[in-house]
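Structure, as structure tokens:
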Amino acid sequence: MHYKPDADALGSSLGLAHVLAKKGHDVTVISPSDYPEFLHWMKGNEGVLNFENEAETARVIEKLQEAEMICCLDFSCLSRLQAMAPYVRESSAYKVMIDHHQDPEDFADFAYWSTDAAATCELVYELCCKIGDTSLIDKDIAECLYAGIMTDTGGFRHPNTTKNVHLITAELIGLGADNSKISRLIYDTNSINRLKFIGFAITRRLVILEEYKTAYFAISKKDLRKYASKTGDTEGLVNYALSLDGIKVAALFTEREDAVKISFRSVEQVAVNKFAAAYFDGGGHKKCCWRKI
């Protein structure tokens, strides 16, 4: 999965891993970094290897070097793996890419890719159906896949919430996914520090440029330290800016130890992915994109 994975990256990776394990394969799930604690409930989370964890780095490299097949989920460019990218690129393993982002890099031997899909989890489900493995999807797998689709559609609020999305999530609920539980674990589970941080960001760090129909947050390293911020604590913050009446474009600038991460969101016909690509060498979807500088 990509660096700082979200629910779609983790859910699609764990979901596919469980299916492959049921078919008798020796499967290892690898993340280039840590990820939010509110995703740790997913079945198989305890077995995920973290490349940035010094105790696991050597094992990750060994797994990548020994692998017969490497499945890359929820990213289409190896640069999204950060420091782990060279090990994947140099591996002689057969490479599979399953993704829904624009402008894919030509690195995979097999690609199941579509920008029409709302989430990579949607594609994993479709792929399982196409190869006749739908019967292998149990409650745990269904919940991993449901979580990714739910979050990448903004809780089924974004324009990418298609008929196909509803049909697939209905199937996943039928297979045992507890939609109410998943929503609560992801959207309604916060630490005190995170709630205080969100309140601070909205009252002290929100800038509104009415003439440009734009709003943004600028979060410093000092702000993050003040509220003992953990991975995932800034998740969804940019959406508060976009929720303002009349705002068409929102951005979140987050200062990290080694870079500044920029996240853009937009409504209507504003293509922030093109803006990010033109000025920040970034990527993403039409109304949602990212960049580290």
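So, in Å, what gap is there between the alpha-carbon centers of the stretch 13-92 and the stretch 175-202?
Each part reduced to its Cα centre gives a spacing of 25 Å.
In this model, which of LYS222/LYS274; LYS139/LYS163; LYS139/LYS261; LYS22/LYS230; LYS95/LYS181 are farther than 29 Å apart at the alpha-carbon?
On the way: LYS222/LYS274 31 Å; LYS139/LYS163 22 Å; LYS139/LYS261 35 Å; LYS22/LYS230 34 Å; LYS95/LYS181 34 Å.
In this structure, LYS222/LYS274; LYS139/LYS261; LYS22/LYS230; LYS95/LYS181 lie more than 29 Å apart at Cα.
State the extension gain, in nm to one decimal, for the chain segment bounded by ALA218 and TRP41, taking 0.36 nm per residue of separation less the distance between their alpha-carbons.
Numbers: separation 177, 0.36 × 177 = 63.72 nm, distance 3.05 nm.
Gain in length upon complete extension: 60.7 nm.
According to the square roots a ≥ b ≥ c of the eigenvalues of the Cα gyration tensor, what is the shape class of the stretch 23-63, taking rounded for a/c under 1.5, prolate for a/b larger than b/c otherwise, and oblate for the remainder? It would help to have the intermediate numbers written out before the result.
Working: a/c = 2.80, a/b = 1.04, b/c = 2.70.
Verdict is oblate for the stretch 23-63.
Calculate for the chain the 222 nm mean residue ellipticity that helices alone would give, adding -39,500 (n - 2.57) per DSSP H run of length 4 or more and normalising by residue count, nearest 500 deg cm²/dmol.
On the way: 11 runs with 115 residues, N = 293.
Rounded to the nearest 500, the figure is -11500 deg cm²/dmol.
Label-point separation (nm) for ASN193 and GLU105, each offset 7 Å from Cα along Cα-to-Cβ?
3.2 nm
If you take the square roots of the eigenvalues of the alpha-carbon gyration tensor of the stretch 104-167 and sort them as a ≥ b ≥ c, do you get rounded (a/c under 1.5), prolate (a/b over b/c) or oblate? Let's see the in-between values first.
Numbers: a/c = 1.90, a/b = 1.08, b/c = 1.76.
The shape class here is oblate.
Can you compute the FRET efficiency between ALA55 and ALA228 using 1/(1 + (r/R0)^6), with r the Cβ-Cβ distance and R0 = 22 Å? Round to the nearest 0.05. Could the numbers behind the result be given before it?
Values: r = 23 Å, r/R0 = 1.03.
Calculated transfer efficiency: 0.45.
Angle between the Cα long axis of helix 192-204 and the longest principal axis of the chain, 0 to 90 degrees, nearest 10?
40 degrees
Let a ≥ b ≥ c be the square roots of the eigenvalues of the Cα gyration tensor of the stretch 192-292; is it rounded (a/c under 1.5), or, if not, prolate (a/b larger than b/c) or oblate? Working shown, then result.
On the way: a/c = 2.14, a/b = 1.36, b/c = 1.58.
Judged from the Cα gyration tensor, the stretch 192-292 comes out oblate (a/c at least 1.5, b/c at or above a/b).
Rounded to the nearest 0.05, what FRET efficiency do HIS25 and GLU211 give with R0 = 45 Å and r taken as the Cβ-Cβ distance? Could you check? List each step's numbers first, then the result.
Numbers: r = 56 Å, r/R0 = 1.25.
The computed FRET efficiency comes out at 0.20.
Given a 10 angstrom Cα cut-off, can you work out which residue in LYS63, LYS181, LYS43 is the most mobile in a GNM of the chain?
It is LYS181.
Roughly how tilted is helix 54-66, in degrees to the nearest 10 and between 0 and 90, from the longest Cα axis of the chain?
Once rounded, the angle reads 50 degrees.
When ranked by the protection proxy of mean other Cβ atoms within 10 Å per residue, highest first, what sequence do the peptides 52-58, 97-103, 110-116, 9-15 form?
Values: 52-58: 12.0, 97-103: 21.0, 110-116: 14.6, 9-15: 29.6.
Top to bottom by mean Cβ count within 10 Å: 9-15, 97-103, 110-116, 52-58.
In the Gaussian network model of the chain, springs joining C-alpha atoms below 10 Å, which of ALA83, ALA17, ALA108 carries the largest mean-square fluctuation?
Among ALA83, ALA17, ALA108, the largest GNM mean-square fluctuation belongs to ALA83.
Where a Cα-Cα gap under 18 Å defines reach, which lysines qualify for LYS226, not counting those fewer than 8 residues away within the same chain?
Result set, ordered by chain and number: LYS196.
Please compute the per residue accessible area over the chain with all protein chains in place, 1.4 Å probe, rounded to a whole number of Å².
On the way: 14750 Å² over 293 residues.
Computed with neighbouring chains in place, this is 50 Å² per residue.
Place the peptides 149-157, 183-191 in order of packing, highest mean first, counting for every residue the other Cβ atoms within 10 Å and averaging per peptide. Before the final figure, lay out each step's value.
Details: 149-157: 20.1, 183-191: 14.1.
In decreasing order of mean packing, 149-157, 183-191 become 149-157, 183-191.
Cα to Cα, under 20 Å, and not fewer than 8 places away if on the same chain: which aspartates and glutamates meet these conditions relative to LYS213?
ASP245, GLU268
The values are calculated or read from the model by the stated rules, or taken from the named source; none is laboratory data. Predicted model, so just to flag it, every value in this text is computed and none were measured. Neighbour counts are summed over all protein chains in view; Cβ atoms, including those assigned to glycine, are modelled from backbone coordinates with ideal geometry. We work out accessible area using only protein heavy atoms, side chains counted, and drop any ligands, DNA or RNA first. Shrake-Rupley method; radii C 1.70, N 1.55, O 1.52, S 1.80 Å.
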